[in-house]
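Worksheet: one structure, shown below.
The values are calculated or read from the model by the stated rules, or taken from the named source; none is laboratory data. All values derive from a computational prediction rather than experimental measurement. Cβ atoms come from the backbone with ideal geometry, glycine included; neighbour counts cover every protein chain shown.
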Amino acid sequence: MKFGNHLKQERLRRKFTQQKVAQDLNVSRQTISSWETENSYPDISSLIRLSDYYQVSLDQLLKEDTGMTEYLKKQEILKSIRPIIWILTTIDILFLGFLILSMADIVELTSLVSIIIVSMGLLNVIAMITLVRFRNKIQINVKPQTKHNKVIFILAVIFFFGAAVFYSLNEYKLSGFCSGILIGLLTIIIIKKRKK
């Protein structure tokens, strides 16, 4: 039996309404409905609470439902990816900091070191983009990126490459201009993500 059907059957067997179950478990009625229709799945702690609430073993709740077990596996993968994304983001921020410090003539870099740093930064950005795309592919119920968000992201990548190229050509004013626009675009992206 499917997970959602099992939940619904347990609820109806006890003659509970979705509202009552939602109040008892401190979630919304829509959440209970979504679990029962399998539009979403509960996290591990909610799953344990459901098991206790209906006095049904986890094995019985999950039995014969590959969708739920697949969801739990994906959640584990997403959890393991999170630190990698943070590390790549930190490296990108350090790279931009180095770039800004060298443009402000606070740190002097030789041309070979500049090329190596820019190359590493570009490779890191590519790795970050690939990892985020992978995360979005395996995530369940992710709202598709709007066209507006994609345009901002593409512009950010273009200005990043522009800043790196102009810097390597010793065109510091153009590189600074591109970096400024890049920072603005990244700020917009961060603000949009926090609003979600």
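Some notes on this structure:
- Criterion (at pLDDT 70 or above and within 29 Å of ILE189 (Cα to Cα)) met by exactly one of ILE116, ILE140: ILE116
- Yes/no for LEU88 being in the same structural domain as GLY180 (by TED's automatic domain parsing), part of a helix (DSSP H, G or I), at pLDDT 75 or above and within 28 Å of ASN136 (Cα to Cα): yes
- Per the conditions (1) of a type outside the set (A, V, I, L, M); (2) exposed (fewer than 13 other Cβ atoms within 10 Å of the Cβ); (3) modelled with pLDDT under 75, the sole criterion not satisfied by PHE98 is (2).
- The residues in the range 26-60 that are hydrophobic (A, V, I, L, M, F, W, C) and modelled with pLDDT of 90 or more can be counted, and the count is 2.
- Selection count where residues are farther than 16 Å from VAL56 by Cβ, in a helix (DSSP H, G or I) and of a type in the set (D, E, K, R), scope the range 8-41: 2
- Selection count, the range 148-196, where residues are modelled with pLDDT of 75 or more, in contact with a helix residue (DSSP H, G or I) (Cβ under 7 Å, 6 or more places away or on another chain), more than 16 Å from ILE93 (Cβ to Cβ) and polar (S, T, N, Q): 1
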